[in-house]
Amino acid sequence: MIIVPQPQPQPTPRSRALTDRVRATIAEFQRREPRITPEEVAQALRDAMPSASTRTNPKPALIIAVLSGVMTAIGMGLVASSSSNAGRPVPVVPIVALAVAGLGVVAALILRSRNDR
């Protein structure tokens, strides 16, 4: 398996200024509300940036890929069965090509779901 490192984005002057401002705001709020917990702070940050906190759920995509693979396999089985019943040779190349492509899609979705954790 080839692992390609993802370069970490370098902080810009604006992002550093925003980080300092957020830290100062949190510190000031903690001085006024000393009973606030780190979980509440984390929840507030997640609520402030909903696009950053929502992760895509890979399970529906994985289910769709598996179901489409099963349906393709059933369809190819029916084609092979009808071909052999009609006396024609079974089209092996398209069946193998679709099986390999389906396995590739399922493998890619599994790897993606592992990387999203």
Original post:
Taking 0.36 nm per residue of separation and subtracting the Cα-Cα distance, what length does fully extending residue 112 through residue 100 add?
Top reply: 2.5 nm
Subject >> Selected from 44, 96, 106, residue furthest toward positive end of dipole (the chain; charges at beta carbon) >> reply: 44
Subject >> Net dipole in debye of segment 13-53 [+1 Lys, Arg Cβ; -1 Asp, Glu Cβ; about Cα centre; nearest 20] >> reply: 220
Subject >> Residue-averaged 222 nm ellipticity for the chain, from DSSP H runs of 4+ at -39500 (n - 2.57), nearest 500 >> reply: -25000 deg cm²/dmol
Original post:
Once the Cα gyration tensor of the chain is found, what semi-axes does its equivalent ellipsoid get, as square roots of 5 times the eigenvalues, in whole Å, sorted largest first?
Top reply: 54, 17, 9
Original post:
Quick one: if you take sqrt(5λ) for each eigenvalue of the C-alpha gyration tensor of segment 13-53, what semi-axes come out, biggest first, whole angstrom?
Top reply: 19, 15, 6
Original post:
Want the number for residue 64 to residue 37: 0.36 nm per residue separation, take away the alpha-carbon distance, what's left?
Top reply: 5.7 nm
**OP:** May I ask for log10 I(q)/I(0) of segment 58-115 at q = 0.20, 0.24, 0.29 Å⁻¹, from a Debye sum over the Cα atoms as equal point scatterers with solvent left out?
**Re:** -0.72, -0.89, -1.10
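Just so you know, all these numbers are worked out from the coordinates, no wet-lab data involved. Bear in mind that the values here come from a model prediction, so they are computed numbers and not experimental data. Note that each Cβ is placed from the backbone with ideal geometry, even for glycine, and that neighbours are counted across all protein chains shown.
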